[in-house]
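J.: Handing you this structure, nothing more for now.
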Amino acid sequence: MEYLSLKQSILNDIEQNDSIIIVRHMRPDGDCIGSSFGLREILRSSFPNKKIYSVGDGVPEYLSFLGEEDQITEDIYKDSLIIVVDTATSKRICNEFYTQGKKLIKIDHHIAVESYGEINYVREDFPACCQIIMDFYKTFKEKLVLNQKAATALYTGLVTDTGRFKYRSVDGTTMRLAGDILDTNIDTEYIYTHLNTKNPESFKLQGYVYQNFKVTENGVAYAFITKKIMKKFKASVEDASNLVNCMDSIKGSLIWILFVEYDNEIRVRIRSRYIPVVGIGEQFNGGGHANACGASVKNKKELNQLLEMADSKLKAFKEENKELF
(Lines give C-alpha, C1' and ligand atoms only; values in the text may rest on other atoms or scores of the structure.)
Protein backbone atom coordinates (compact mmCIF):
# COMPACT_ATOMS: atom_id res chain seq x y z
CA MET A 1 0.00 0.00 0.00
CA GLU A 2 1.34 3.42 -1.00
CA TYR A 3 2.67 5.48 1.92
CA LEU A 4 2.18 2.56 4.31
CA SER A 5 5.80 2.47 5.45
CA LEU A 6 5.70 6.18 6.33
CA LYS A 7 2.47 5.78 8.24
CA GLN A 8 3.87 2.75 10.05
CA SER A 9 6.97 4.71 11.05
CA ILE A 10 4.78 7.47 12.48
CA LEU A 11 2.68 4.99 14.44
CA ASN A 12 5.84 3.31 15.77
CA ASP A 13 7.11 6.66 17.07
CA ILE A 14 3.75 7.41 18.65
CA GLU A 15 3.74 4.04 20.41
CA GLN A 16 7.31 4.49 21.64
CA ASN A 17 6.82 7.93 23.19
CA ASP A 18 4.88 8.72 26.36
CA SER A 19 4.67 12.45 25.67
CA ILE A 20 3.53 13.86 22.30
CA ILE A 21 3.14 17.51 21.38
CA ILE A 22 1.15 18.48 18.28
CA VAL A 23 2.16 21.82 16.79
CA ARG A 24 0.60 23.80 13.93
CA HIS A 25 1.05 26.93 11.86
CA MET A 26 0.40 30.53 12.88
CA ARG A 27 -2.95 32.14 12.07
CA PRO A 28 -4.77 28.78 12.02
CA ASP A 29 -7.74 27.94 9.82
CA GLY A 30 -10.30 25.16 10.15
CA ASP A 31 -8.09 22.44 8.71
CA CYS A 32 -5.19 23.43 10.94
CA ILE A 33 -7.22 23.35 14.15
CA GLY A 34 -9.22 20.35 12.97
CA SER A 35 -6.17 18.22 12.21
CA SER A 36 -4.32 19.16 15.40
CA PHE A 37 -7.34 18.62 17.67
CA GLY A 38 -8.48 15.58 15.72
CA LEU A 39 -5.11 13.88 16.06
CA ARG A 40 -4.90 14.85 19.74
CA GLU A 41 -8.28 13.31 20.55
CA ILE A 42 -7.54 10.13 18.56
CA LEU A 43 -4.28 9.65 20.45
CA ARG A 44 -5.78 10.48 23.84
CA SER A 45 -8.54 7.92 23.30
CA SER A 46 -6.17 5.32 21.91
CA PHE A 47 -3.37 5.73 24.46
CA PRO A 48 -4.95 6.97 27.71
CA ASN A 49 -1.67 6.56 29.63
CA LYS A 50 0.24 8.92 27.34
CA LYS A 51 0.37 12.70 27.66
CA ILE A 52 -0.92 14.26 24.44
CA TYR A 53 -0.90 18.02 23.87
CA SER A 54 -1.99 20.36 21.09
CA VAL A 55 -0.36 23.77 21.37
CA GLY A 56 -0.55 27.13 19.61
CA ASP A 57 -1.27 30.79 20.19
CA GLY A 58 -5.04 30.64 20.38
CA VAL A 59 -8.06 29.27 18.55
CA PRO A 60 -10.06 31.59 16.25
CA GLU A 61 -13.46 32.45 17.68
CA TYR A 62 -15.40 30.70 14.92
CA LEU A 63 -13.58 27.45 15.76
CA SER A 64 -13.79 27.75 19.54
CA PHE A 65 -16.55 25.13 19.64
CA LEU A 66 -13.87 22.50 18.91
CA GLY A 67 -12.16 23.07 22.23
CA GLU A 68 -9.03 24.71 23.61
CA GLU A 69 -5.33 24.31 23.08
CA ASP A 70 -3.08 23.06 25.86
CA GLN A 71 -0.76 25.24 27.93
CA ILE A 72 2.58 23.57 28.64
CA THR A 73 6.00 24.60 29.91
CA GLU A 74 9.21 24.58 27.91
CA ASP A 75 10.73 21.69 29.84
CA ILE A 76 8.10 19.25 28.52
CA TYR A 77 9.44 19.47 24.97
CA LYS A 78 12.77 17.77 25.55
CA ASP A 79 11.11 14.46 26.45
CA SER A 80 8.41 14.62 23.76
CA LEU A 81 7.76 13.53 20.21
CA ILE A 82 6.84 16.64 18.18
CA ILE A 83 4.29 16.34 15.36
CA VAL A 84 3.74 19.41 13.17
CA VAL A 85 0.51 19.37 11.16
CA ASP A 86 -0.71 21.38 8.17
CA THR A 87 2.46 23.47 7.92
CA ALA A 88 4.54 23.60 4.74
CA THR A 89 7.56 25.52 5.99
CA SER A 90 9.33 25.80 9.33
CA LYS A 91 9.06 29.59 9.34
CA ARG A 92 5.27 29.27 9.65
CA ILE A 93 5.36 26.97 12.67
CA CYS A 94 3.60 28.65 15.58
CA ASN A 95 6.02 27.52 18.26
CA GLU A 96 9.51 28.55 19.31
CA PHE A 97 10.31 25.29 21.13
CA TYR A 98 9.40 22.71 18.48
CA THR A 99 13.06 21.92 17.71
CA GLN A 100 13.73 20.91 21.32
CA GLY A 101 11.84 17.60 21.13
CA LYS A 102 13.24 14.09 20.85
CA LYS A 103 12.08 13.75 17.24
CA LEU A 104 10.20 15.88 14.72
CA ILE A 105 7.49 14.61 12.35
CA LYS A 106 5.89 16.69 9.61
CA ILE A 107 2.36 15.80 8.42
CA ASP A 108 1.11 18.10 5.68
CA HIS A 109 -0.79 18.40 2.41
CA HIS A 110 0.68 21.57 0.92
CA ILE A 111 3.19 21.63 -1.92
CA ALA A 112 6.37 20.12 -0.51
CA VAL A 113 8.92 22.93 -0.36
CA GLU A 114 10.76 22.10 2.87
CA SER A 115 11.45 18.76 4.54
CA TYR A 116 12.03 20.07 8.06
CA GLY A 117 11.08 16.87 9.88
CA GLU A 118 12.97 13.67 10.51
CA ILE A 119 9.87 12.04 9.03
CA ASN A 120 8.09 14.06 6.34
CA TYR A 121 4.68 12.66 5.45
CA VAL A 122 3.26 14.94 2.76
CA ARG A 123 0.14 14.15 0.73
CA GLU A 124 -0.27 16.79 -1.97
CA ASP A 125 -3.02 14.59 -3.43
CA PHE A 126 -5.21 15.18 -0.36
CA PRO A 127 -7.21 18.45 -0.18
CA ALA A 128 -6.97 18.72 3.61
CA CYS A 129 -4.63 17.71 6.39
CA CYS A 130 -7.68 16.36 8.20
CA GLN A 131 -8.01 13.81 5.40
CA ILE A 132 -4.46 12.65 6.12
CA ILE A 133 -5.29 12.21 9.80
CA MET A 134 -8.52 10.37 8.98
CA ASP A 135 -6.71 8.10 6.52
CA PHE A 136 -4.03 7.44 9.17
CA TYR A 137 -6.72 6.44 11.65
CA LYS A 138 -8.41 4.15 9.13
CA THR A 139 -5.12 2.46 8.22
CA PHE A 140 -4.60 1.48 11.86
CA LYS A 141 -8.19 1.40 13.10
CA GLU A 142 -7.52 -1.86 14.96
CA LYS A 143 -5.17 0.13 17.22
CA LEU A 144 -6.67 3.62 17.16
CA VAL A 145 -9.94 5.05 18.49
CA LEU A 146 -12.01 7.72 16.72
CA ASN A 147 -14.22 9.38 19.32
CA GLN A 148 -16.81 12.04 18.57
CA LYS A 149 -14.57 14.94 19.61
CA ALA A 150 -11.97 13.79 17.10
CA ALA A 151 -14.59 13.15 14.43
CA THR A 152 -16.13 16.61 14.90
CA ALA A 153 -12.74 18.31 14.60
CA LEU A 154 -11.74 16.30 11.52
CA TYR A 155 -15.05 16.87 9.73
CA THR A 156 -14.82 20.59 10.44
CA GLY A 157 -11.36 20.79 8.93
CA LEU A 158 -12.39 18.68 5.96
CA VAL A 159 -15.42 20.78 5.03
CA THR A 160 -13.63 24.11 5.48
CA ASP A 161 -10.52 23.24 3.45
CA THR A 162 -12.53 21.69 0.60
CA GLY A 163 -14.97 24.59 0.33
CA ARG A 164 -17.81 22.33 1.51
CA PHE A 165 -16.51 19.56 -0.83
CA LYS A 166 -16.75 21.68 -3.99
CA TYR A 167 -13.06 22.01 -4.93
CA ARG A 168 -11.55 19.99 -7.77
CA SER A 169 -9.17 18.18 -5.40
CA VAL A 170 -12.10 16.40 -3.74
CA ASP A 171 -12.40 12.81 -4.95
CA GLY A 172 -14.06 9.57 -3.99
CA THR A 173 -11.50 8.90 -1.26
CA THR A 174 -12.32 12.24 0.35
CA MET A 175 -16.03 11.49 0.34
CA ARG A 176 -15.61 7.94 1.61
CA LEU A 177 -13.50 9.15 4.53
CA ALA A 178 -16.08 11.88 5.21
CA GLY A 179 -18.68 9.12 5.25
CA ASP A 180 -16.65 7.20 7.83
CA ILE A 181 -16.66 10.31 10.02
CA LEU A 182 -20.42 10.73 9.62
CA ASP A 183 -20.88 7.13 10.71
CA THR A 184 -19.81 8.23 14.20
CA ASN A 185 -23.09 10.23 14.37
CA ILE A 186 -21.52 13.64 14.81
CA ASP A 187 -23.89 16.61 14.85
CA THR A 188 -23.31 18.27 11.47
CA GLU A 189 -25.95 20.92 12.10
CA TYR A 190 -24.00 21.96 15.20
CA ILE A 191 -20.83 22.23 13.10
CA TYR A 192 -22.38 24.22 10.26
CA THR A 193 -24.18 26.53 12.66
CA HIS A 194 -20.84 27.56 14.15
CA LEU A 195 -19.12 27.82 10.77
CA ASN A 196 -21.86 29.77 9.02
CA THR A 197 -23.01 32.13 11.76
CA LYS A 198 -21.32 35.53 11.65
CA ASN A 199 -21.57 38.62 13.77
CA PRO A 200 -23.36 41.65 12.25
CA GLU A 201 -20.08 43.52 11.79
CA SER A 202 -18.79 40.79 9.51
CA PHE A 203 -21.88 41.02 7.30
CA LYS A 204 -21.51 44.78 7.03
CA LEU A 205 -17.87 44.40 6.06
CA GLN A 206 -18.88 41.78 3.51
CA GLY A 207 -21.28 44.32 2.05
CA TYR A 208 -18.40 46.77 1.79
CA VAL A 209 -16.40 44.22 -0.21
CA TYR A 210 -19.31 43.62 -2.58
CA GLN A 211 -19.68 47.34 -3.19
CA ASN A 212 -15.99 48.18 -3.48
CA PHE A 213 -14.17 45.28 -5.14
CA LYS A 214 -12.34 46.10 -8.35
CA VAL A 215 -11.43 44.11 -11.45
CA THR A 216 -8.20 44.40 -13.43
CA GLU A 217 -8.10 44.75 -17.21
CA ASN A 218 -8.12 41.00 -17.76
CA GLY A 219 -10.47 40.04 -14.96
CA VAL A 220 -8.63 39.63 -11.65
CA ALA A 221 -11.09 40.60 -8.93
CA TYR A 222 -9.61 42.14 -5.80
CA ALA A 223 -10.45 44.09 -2.69
CA PHE A 224 -8.31 45.94 -0.15
CA ILE A 225 -9.52 46.12 3.44
CA THR A 226 -7.57 48.70 5.42
CA LYS A 227 -7.30 49.03 9.18
CA LYS A 228 -9.46 52.13 8.89
CA ILE A 229 -12.23 50.17 7.19
CA MET A 230 -12.06 47.39 9.78
CA LYS A 231 -12.31 49.98 12.54
CA LYS A 232 -15.27 51.63 10.82
CA PHE A 233 -17.20 48.35 10.71
CA LYS A 234 -15.90 47.18 14.10
CA ALA A 235 -14.61 44.02 12.44
CA SER A 236 -11.55 41.99 13.29
CA VAL A 237 -8.67 41.01 11.04
CA GLU A 238 -10.08 37.49 11.19
CA ASP A 239 -13.47 38.76 9.98
CA ALA A 240 -11.76 40.52 7.09
CA SER A 241 -9.50 37.65 6.07
CA ASN A 242 -12.41 35.22 5.90
CA LEU A 243 -14.07 37.25 3.13
CA VAL A 244 -11.75 36.24 0.30
CA ASN A 245 -14.32 33.95 -1.31
CA CYS A 246 -16.91 36.70 -1.53
CA MET A 247 -15.44 37.25 -4.98
CA ASP A 248 -15.34 33.64 -6.14
CA SER A 249 -18.33 33.81 -8.50
CA ILE A 250 -17.66 36.95 -10.53
CA LYS A 251 -18.04 36.13 -14.21
CA GLY A 252 -14.69 36.15 -16.00
CA SER A 253 -12.71 36.50 -12.77
CA LEU A 254 -10.84 33.21 -12.49
CA ILE A 255 -8.43 34.78 -10.00
CA TRP A 256 -9.59 36.72 -6.97
CA ILE A 257 -7.42 38.35 -4.32
CA LEU A 258 -8.05 39.89 -0.93
CA PHE A 259 -5.59 42.34 0.63
CA VAL A 260 -5.88 42.96 4.39
CA GLU A 261 -3.82 45.63 6.13
CA TYR A 262 -1.95 44.61 9.28
CA ASP A 263 0.36 46.75 11.41
CA ASN A 264 3.55 46.32 9.39
CA GLU A 265 2.45 44.56 6.21
CA ILE A 266 -0.44 43.76 3.93
CA ARG A 267 -1.52 40.12 4.06
CA VAL A 268 -2.73 38.62 0.81
CA ARG A 269 -5.12 35.75 0.12
CA ILE A 270 -5.03 34.50 -3.46
CA ARG A 271 -7.61 32.10 -4.90
CA SER A 272 -8.22 30.82 -8.43
CA ARG A 273 -10.15 28.48 -10.65
CA TYR A 274 -8.21 26.42 -13.22
CA ILE A 275 -5.08 28.61 -12.99
CA PRO A 276 -2.23 27.72 -10.59
CA VAL A 277 -1.37 30.82 -8.54
CA VAL A 278 0.95 29.43 -5.88
CA GLY A 279 3.95 30.69 -7.87
CA ILE A 280 2.71 34.23 -7.37
CA GLY A 281 2.38 33.70 -3.64
CA GLU A 282 5.89 32.24 -3.43
CA GLN A 283 7.35 35.37 -5.02
CA PHE A 284 5.75 37.47 -2.29
CA ASN A 285 6.82 35.65 0.90
CA GLY A 286 4.05 33.07 0.76
CA GLY A 287 2.89 29.76 -0.63
CA GLY A 288 0.29 27.07 -0.16
CA HIS A 289 -1.78 25.16 -2.70
CA ALA A 290 -1.85 25.47 -6.47
CA ASN A 291 -5.18 27.33 -6.44
CA ALA A 292 -5.25 28.74 -2.91
CA CYS A 293 -2.30 30.41 -1.28
CA GLY A 294 -1.19 33.28 0.89
CA ALA A 295 1.40 36.02 0.55
CA SER A 296 2.38 39.35 2.05
CA VAL A 297 3.42 42.67 0.57
CA LYS A 298 5.07 45.64 2.22
CA ASN A 299 3.42 48.49 0.42
CA LYS A 300 1.16 49.61 -2.44
CA LYS A 301 4.00 49.24 -4.94
CA GLU A 302 4.38 45.53 -4.19
CA LEU A 303 0.59 45.19 -4.10
CA ASN A 304 0.39 46.53 -7.66
CA GLN A 305 3.24 44.28 -8.77
CA LEU A 306 1.37 41.25 -7.45
CA LEU A 307 -1.81 42.34 -9.23
CA GLU A 308 0.07 42.86 -12.49
CA MET A 309 1.54 39.39 -12.24
CA ALA A 310 -1.89 37.85 -11.61
CA ASP A 311 -3.46 39.87 -14.41
CA SER A 312 -0.78 38.74 -16.86
CA LYS A 313 -1.30 35.10 -15.86
CA LEU A 314 -5.06 35.38 -16.30
CA LYS A 315 -4.66 37.07 -19.68
CA ALA A 316 -2.43 34.26 -20.94
CA PHE A 317 -4.86 31.61 -19.71
CA LYS A 318 -7.83 33.25 -21.40
CA GLU A 319 -5.95 33.56 -24.69
CA GLU A 320 -5.04 29.85 -24.57
CA ASN A 321 -8.50 28.70 -23.50
CA LYS A 322 -10.94 30.82 -25.47
CA GLU A 323 -13.47 27.98 -25.56
CA LEU A 324 -14.15 28.54 -21.86
CA PHE A 325 -15.29 32.12 -22.36
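The values are calculated or read from the model by the stated rules, or taken from the named source; none is laboratory data. Not measured: the values here are computed from a predicted model. With ideal geometry, Cβ positions are generated from the backbone for all residues, glycine too; neighbour counts draw on all protein chains shown. To get the accessible areas, we keep the full protein, side chains included, count just its heavy atoms, and leave off ligands, DNA and RNA. Shrake-Rupley method; radii C 1.70, N 1.55, O 1.52, S 1.80 Å.
J.: log₁₀ I(q)/I(0) of the stretch 52-132 at q = 0.22, 0.24 Å⁻¹, via Debye over equal Cα point scatterers, no solvent, to two decimals?
T.: -1.14, -1.25
J.: A follow-up question, please. Skip the ligands, DNA and RNA, and give the accessible area per residue of the stretch 176-325 with a 1.4 Å probe, whole Å².
T.: On a per-residue basis, 55 Å².
J.: Moving to a separate point now. Compute the Kirkwood hydrodynamic radius of the stretch 68-218, taking the inverse of the mean of 1/r over all pairs of distinct Cα atoms, and give it in Å to one decimal.
T.: So the Kirkwood estimate lands at 18.1 Å.
J.: Another question, then. To one decimal place, what orientation-averaged projected area in nm² is obtained for the convex hull of the Cα set of the stretch 226-304?
T.: Over every viewing direction, the Cα hull of the stretch 226-304 projects on average to 5.4 nm².
J.: I would also like to ask the following. Given a 1.4 Å probe and every protein chain left where it sits, what share in percent of the accessible area of the stretch 186-245 is carbon and sulfur?
T.: About 51 percent, which is the carbon plus sulfur part of the accessible surface.
J.: Of the options T139, A151, V278, report the single residue whose Cα projects farthest towards the positive end of the charge dipole of the chain (beta-carbon charges: Lys, Arg +1; Asp, Glu -1).
T.: Sorting the options by dipole projection puts first V278.
J.: Rank by packing, highest mean first: peptides 164-173, 23-32, 223-232, 116-125, with packing defined as the count of other Cβ atoms within 10 Å averaged across residues.
T.: 23-32, 116-125, 223-232, 164-173
J.: Can you compute the equivalent ellipsoid semi-axes for the stretch 191-263, i.e. the square root of 5 times each eigenvalue of the Cα gyration tensor, sorted largest first and rounded to whole Å?
T.: 21, 16, 10
J.: On a 0 to 90° scale, report how tilted helix 200-212 is relative to the longest principal axis of the chain, with both axes built from alpha carbons and the result rounded to the nearest 10.
T.: The angle comes out at about 40 degrees.
J.: Here is a further query. Compute the distribution of all C-alpha to C-alpha distances in the chain, in bins of 10 Å from 0, and list the percent of pairs in each, rounded to whole numbers.
T.: 5, 26, 33, 23, 11, 2, 0
J.: So for each of 293-299, 153-159, 80-86, 185-191 I average, over its residues, the number of other beta carbons within 10 Å; can you give me the resulting order with the highest mean first?
T.: Output ranking for 293-299, 153-159, 80-86, 185-191: 153-159, 80-86, 293-299, 185-191.
J.: Say the cut-off is 19 Å between C-alpha atoms; which of K214/K322; K7/K141; K251/K318; K106/K166; K106/K149; K50/K91 go over it?
T.: K214/K322; K106/K166; K106/K149; K50/K91
J.: Still on this structure, please answer the following. Translational diffusion coefficient of the stretch 11-145 at 20 °C, 1.002 mPa s, Stokes-Einstein with Kirkwood Rh over Cα pairs, in µm²/s as a whole number.
T.: Rounded, D is 145 µm²/s.
J.: With the Cα gyration tensor of the stretch 18-80 giving a ≥ b ≥ c as the square roots of its eigenvalues, does the rule (a/c under 1.5 for rounded; else a/b larger than b/c for prolate; else oblate) give rounded, prolate or oblate?
T.: oblate
J.: Here is a follow-up. When the Debye formula is applied to the Cα atoms of the stretch 167-325, each taken as the same point scatterer, what base-10 log of I(q)/I(0) results at q = 0.12, 0.16, 0.19 Å⁻¹?
T.: Debye output, listed in q order: -0.61, -0.97, -1.19.
J.: So if I place +1 on the C-beta of Lys and Arg and -1 on the C-beta of Asp and Glu, and nothing else carries charge, what would the dipole magnitude of the chain be about its Cα centre? I want it in debye, nearest 20.
T.: 920 debye
J.: On to the next question. Any chance you could list P(r) for the stretch 138-258, counting all Cα-Cα pairs in 10 angstrom bins from zero, rounded to whole %?
T.: 11, 32, 28, 19, 8, 1
J.: Right, another one. Working only with C-alpha atoms, what are the Rg and Dmax values of the stretch 145-201, expressed in angstrom?
T.: Looking at the stretch 145-201, its Cα Rg and Dmax stand at 12.2, 40 Å.
J.: Relative contact order of the chain: what whole-number percent is it, with Cα pairs under 8 angstrom and at least 6 residues apart?
T.: Computed value for the chain: 13 percent relative contact order.
J.: Tell me, what is the percent relative contact order of the stretch 161-315, built from C-alpha pairs under 8 Å that lie six or more residues apart?
T.: Computed over the stretch 161-315, the figure is 17 percent.
J.: Still on this structure, I have one more. Where does the chain land at 222 nm, in deg cm²/dmol rounded to the nearest 500, when only DSSP H runs of n ≥ 4 count, each adding -39500 (n - 2.57), divided by all residues?
T.: Result for the chain: -12000 deg cm²/dmol, rounded to the nearest 500.
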